[in-house]
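The values are calculated or read from the model by the stated rules, or taken from the named source; none is laboratory data. All values derive from a computational prediction rather than experimental measurement. All Cβ positions, glycine included, derive from the backbone under ideal geometry; neighbour counts span all protein chains shown.
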Amino acid sequence: MLARKTAPIEDYASVPVGTLRQRVRVLDAEEMRQLIAFEECHGSRPRVLEMLHDRLYQLEHGAVPSRSPCGQGPHGTKKQDFRREER
């Protein structure tokens, strides 16, 4: 897989690690894979990679992307069609 030149989260490089966990919750599994590839090539921070891999695992096992508190997607665009599965 080729690494992206930009991360799928706006201003990713300036997002504090403590805030990142909440910011990645709007990403789907493919976007998480892209973000992991980006981090591996550009930062390779073990704590961040562990958190990203944990979230990817959750998505691959039934978790769904959530809306951000302000209803914005990762690039500041409106995210649509993210509905929690009814059980």
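Please go through the range 30-49 and pick out each residue that is surrounded by fewer than 13 Cβ atoms within 10 Å (Cβ to Cβ) and part of a helix (DSSP H, G or I). If the condition is that a residue be surrounded by fewer than 13 Cβ atoms within 10 Å (Cβ to Cβ) and part of a helix (DSSP H, G or I), then GLU30, CYS41, PRO46, ARG47 are the ones that fit. Please determine whether any residue of the range 21-29 is surrounded by fewer than 12 Cβ atoms within 10 Å (Cβ to Cβ) and assigned to a helix (DSSP H, G or I). So far as the range 21-29 goes, no, none of its residues is surrounded by fewer than 12 Cβ atoms within 10 Å (Cβ to Cβ) and assigned to a helix (DSSP H, G or I).
Each row is one residue, and each column tells you yes or no for (1) among the aliphatic types (A, V, I, L, M); (2) at pLDDT below 95; (3) in contact with a Lys or Arg (Cβ under 9 Å, 6 or more places away or on another chain).
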site	(1), (2), (3)
VAL15	yes, yes, yes
GLY18	no, yes, no
ARG21	no, yes, yes
ARG33	no, no, no
GLU40	no, yes, no
SER44	no, yes, no
HIS53	no, no, no
LEU56	yes, no, yes
HIS61	no, no, no
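With respect to the conditions (1) in a helix (DSSP H, G or I); (2) at pLDDT below 95; (3) not polar (S, T, N, Q), CYS70 lacks only one, and its number is (1). With respect to being within 19 Å of ARG67 (Cα to Cα), without any contact (Cβ under 8 Å) to a residue 40 or more places away in the chain and of a type in the set (Gly, Ala, Ser), ALA7 fits the description.
Within the range 43-60, residues that are within 20 Å of LYS5 (Cα to Cα) and free of Cβ contacts under 8 Å to residues at least 60 places away in the same chain have Cβ atoms under 9 Å from residues that are acidic (Asp, Glu) and surrounded by 16 or more Cβ atoms within 10 Å (Cβ to Cβ) in these pairs: ARG45/GLU39; VAL48/GLU39; LEU49/GLU39; LEU52/GLU39, counting only partners at least 6 apart in sequence or on another chain.
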